[in-house]
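The values are calculated or read from the model by the stated rules, or taken from the named source; none is laboratory data. Because the structure is a prediction, the values reported are computed rather than measured. Virtual Cβ from ideal backbone geometry, glycine too; neighbours counted across all protein chains shown. What goes into the accessible areas is simple: the full protein's heavy atoms, side chains included, and nothing from ligands, DNA or RNA. Shrake-Rupley method; radii C 1.70, N 1.55, O 1.52, S 1.80 Å.
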Amino acid sequence: MSHPVRDARRRIQTDHAPIVAGIDACADAVADPWDTSRTTDSHAVADGLRRLLEETGILEALPGVLADAVEATGYDLRASPVAGPPYVVVTSCGPVLRATIDPGRLVIRFDAFEVVRDSDPDRPSAYRRLDGTQLEVSLE
């Protein structure tokens, strides 16, 4: 029996560890100038992370990571992924890779930041740097 999520996660962890480490380093650089442990500026987080991922060449490498993860599942991509939507998106939490395969949509998240919501609905959400970058793989 195939386990596409497990197989994709293992492939990324074993063959693309330098990419995950690079995302982590870029996220550290985004959070480094903050004067507190969080920021409420989601655009600064997402735009800063995207800029650093571009500068380091990681953004251009992410479609290859996606293609390799899909290959590990035993399924095929319907088209060659590119470093842009719908395949690669840089959010305020980190890069997200998506591909449609026969059993559904494979979603790979590299969570480097978390959203912290205030109990007061009038206060904006904040973004806090996670301790490392967390790899999440799902089939939706």
Q: Please report, in Å, the Rg and the Dmax of region 57-140, where both are computed over Cα atoms only.
A: 14.9, 47
Q. What number, in percent, do you get for the relative contact order of the chain if the mean sequence gap of Cα pairs under 8 Å and at least 6 apart is divided by its residue count?
A. 28
Q: Quick one: angle between helix 42-56 and the longest Cα principal axis of the chain, in degrees between 0 and 90, rounded to 10, please.
A: 50
Q) Could you state the per residue volume, in Å³, of the convex hull enclosing the Cα atoms of region 1-127? A) 121
Q: Give, as a single signed number, the net charge of other residues whose beta carbon lies under 13 Å from the beta carbon of D111, with Lys and Arg counted +1 and Asp and Glu -1.
A: -1
(Q) Output wanted: per-residue J couplings in Hz (rounded whole) for region 9-25, from phi through Karplus 6.51 cos²θ - 1.76 cosθ + 1.60, θ = phi - 60°, x for Gly and Pro. (A) 4, 4, 4, 5, 5, 8, 9, 10, 4, x, 5, 4, 5, x, 4, 4, 5
**Q.** Charge tally in the Cβ shell below 11 Å around E71, where Lys, Arg are +1 and Asp, Glu are -1, E71 excluded
**A.** -3
(Q) Using a probe radius of 1.4 Å on heavy atoms only, what accessible surface per residue do you get for the chain? Whole Å² is fine. (A) 54
Q | Carbon plus sulfur fraction of accessible area for region 53-140, probe 1.4 Å, in percent | A | 43
Q) Please state the Cα pair-distance histogram of region 35-76 with 10 angstrom bins from zero: what percent is in each bin? A) 25, 31, 27, 15, 2
Q) Ignoring any ligand, DNA or RNA, what whole percent of the accessible area of region 1-43 comes from carbon and sulfur when the probe is 1.4 angstrom? A) 50
Q.
With +1 on the Cβ of every Lys and Arg and -1 on the Cβ of every Asp and Glu, and nothing else charged, how large is the dipole of the chain about its Cα centre, in debye rounded to the nearest 20?
A. 340
